[in-house]
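**Student:** One structure, as structure tokens, below. Some questions next.
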Amino acid sequence: MNLSRRAALALALLAALSLSASAQPNPRAPDPPARIEVRARPISAFEPRDPARIKFGALVFRGGLELTSPHPHFGGISAIRVDADGAHFLAVSDKGHWLRARIVYDGKRPAGIADAEMAPVLAHDGKPLSARGWYDTESLAVSGGIAWLGIERVNRIVRLDVGRDGLMARATLIPAPPGVAKLPYNKGLECLEFVPADLPLQNTLIAISERGLDEAGNIKGFLIGWSGPAEFSVKRVGDFDVTDCALTPNGDLLILERSFSRLRGVAMRIRRVPLTSIRPGAIIDGAALFEADLAYQIDNMEGISVHREAGGALVLTLISDDNFSIIQRTLLLQFTLEEP
């Protein structure tokens with residue numbers, strides 16, 4: 001083939017490739033958040049056997065809601081963070097979807113859910129995080145408009161600027177201690193909490209696994225953003241595993257735990273641990289605020305959030321993961337915590 005024919009063939013091929021590329025559709029932009037309907041059935045008594053009872057250990061029951069929605073992605077809620085106003089909240093499902101909404105109150109009692117919307121959590125490329133198999137989003141921390149998500153199946157933590165980009169924020173992988181990647185399959189990070197600058201361990205991300213055990217059989221935790229050794233342990237008491245945690249304004253870490261057996265069913269417990277006791281190499285423990293089983297209005301309780309209302313009361317909001325099962329429920333419960 002002579003030079004002129006080669007040149008002509010190359011130009012023709014280049015033109016064909018250019019035409020083919022220009023004919024390809026632009027990459028599809030992520031869908032905006034979808035407005036959804038969330039129905040709420042009030043729960044007036046936490047202990048159905050004694051409807052007048054409101055005090056349970058150190059907690060006082062305010063009210064609750066059983067939540068349902070016709071939206072196909074509603075359910076499986078594994079973590080929640082309620083804003084300082086006590087109404088707006090951000091939650092995440094274990095299938096990689098955001099839920100953002102507002103709690104409506106009747107006085108102090110939760111009465112409904114308004115302004116609800118859902119969207120897939122987006123990876124750095126704008127595609128749903130779940131599309132790459134990173135769907136088991138089990139833990140959530142929020143501070144200053146930044147959200148961190150713990151992804152249990154792959155033992156990773158991502159950062160998202162939800163303050164700037166809302167539910168369209170894209171995830172960026174952050175470095176984590178080597179022990180995080182070695183956590184057991186499906187027993188990874190269930191608790192994330194960011195410590196603000198006015199408390200011990202300031203500007204550190206606390207991460208605790210569901211049931212990644214150390215040599216003594218205690219539950220592994222990690223300090224992310226901490227210089228030097230970054231592991232600690234939570235003393236495992238009974239057959240309870242960690243499902244979430246939240247900080248109180250005065251510096252206590254509330255650890256939500258769950259146990260399950262085929263004989264007894266599901267149970268929940270909340271322990272209070274002073275933040276000052278958490279340090280590399282420590283085995284932390286704390287008194288149980290209360291414990292409940294299926295004789296009470298609970299389900300698979302997986303999320304806890306804390307806020308202080310204008311009147312000074314410390315309010316705990318708990319939410320359950322229904323595992324997208326018709327025999328389980330999505331419950332939102334609120335209590336006030338008696339402080340020492």
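Taken together, the values in this text are just the output of simple stated rules run on the coordinates, not laboratory data. Since the model is a prediction, treat every value here as computed from it, not as a measurement. We place every Cβ from the backbone using ideal geometry, glycine too, and count neighbours over all the protein chains shown.
**Student:** Checking the cross-link filter: which aspartates and glutamates have an alpha carbon closer than 15 Å to that of LYS182, excluding same-chain neighbours under 8 positions apart?
**Tutor:** Of all the aspartates and glutamates, those that pass the test against LYS182 - Cα under 15 Å, at least 8 places apart if same chain - are GLU152, GLU190, GLU210, ASP214, GLU215, GLU231.
**Student:** A follow-up question, please. May I ask you to compute the full-extension gain from ASP50 to SER277, defined as 0.36 nm times their residue separation minus their alpha-carbon distance, rounded to one decimal in nm?
**Tutor:** 78.0 nm
**Student:** So, counting K/R as plus one and D/E as minus one, what does the shell of residues with Cβ under 12 Å around PRO249 add up to?
**Tutor:** Working: positive: ARG308; negative: ASP198, ASP252, GLU309, GLU339.
My count for the surroundings of PRO249 gives -3.
**Student:** Under a Cβ-only charge scheme (Lys and Arg +1, Asp and Glu -1), can you give me the dipole magnitude of the chain about the Cα centre, in debye to the nearest 20?
**Tutor:** Details: 38 positive and 39 negative charges, 190 e Å.
Magnitude of the dipole: close to 920 debye.
**Student:** Give me THR204, THR172 sorted ascending by neighbouring Cβ count inside 10 Å, so fewest comes first.
**Tutor:** The order, fewest Cβ neighbours first, is THR172, THR204.
**Student:** Additional query: Shape of segment 55-184 from its Cα gyration tensor (a ≥ b ≥ c, root eigenvalues): rounded if a/c is under 1.5, otherwise prolate when a/b > b/c, or oblate?
**Tutor:** Prolate is the answer for segment 55-184, as a/c is 1.5 or above and a/b outweighs b/c.
**Student:** Taking semi-axes √(5λ) of the Cα gyration tensor in Å straight from the coordinates, which label in (1) 33, 25, 15; (2) 31, 25, 19; (3) 42, 25, 18 is the correct one?
**Tutor:** Working out semi-axes √(5λ) of the Cα gyration tensor in Å from the coordinates points to (3).
**Student:** Taking neighbour counts of Cβ atoms within 10 Å as a proxy for exposure, in what order, fewest first, do TYR296, TYR105 appear? The partial results should precede the final answer.
**Tutor:** Details: TYR296 18, TYR105 15.
Ranking TYR296, TYR105 by Cβ neighbours within 10 Å, fewest first, gives TYR105, TYR296.
**Student:** Please list log₁₀ I(q)/I(0) at q = 0.13, 0.15, 0.20 Å⁻¹ for segment 125-270, using the Debye equation with identical point scatterers on the alpha-carbon positions.
**Tutor:** -0.59, -0.78, -1.29
**Student:** Same structure, new question: Compute the helix-to-body angle for 3-23: its Cα long axis versus the longest principal axis of the chain, expressed 0 to 90° and rounded to tens.
**Tutor:** That works out to roughly 30 degrees.
**Student:** To continue, here is another question. Going by Cα centres, segment 204-254 and segment 100-128 are how many Å apart?
**Tutor:** Using only Cα atoms to place each centre, the spacing works out to 27 Å.
**Student:** Could you list, in their original order, any pairs among LYS187/LYS235; LYS55/LYS187; LYS127/LYS220; LYS55/LYS108 whose Cα atoms are separated by more than 21 Å?
**Tutor:** In this structure, LYS55/LYS187; LYS127/LYS220 exceed 21 Å between Cα atoms.
**Student:** Assuming a ≥ b ≥ c are the square roots of the Cα gyration tensor eigenvalues, decide whether segment 191-340 counts as rounded (a/c under 1.5), prolate (otherwise, with a/b larger than b/c) or oblate.
**Tutor:** Working: a/c = 1.95, a/b = 1.25, b/c = 1.56.
It comes out oblate by the Cα gyration axes.
**Student:** Rank GLY126, GLY150, GLY265 by mean-square fluctuation in a GNM of the chain with C-alpha springs under 10 angstrom and give only the top-ranked residue.
**Tutor:** In the Gaussian network model the winner is GLY265.
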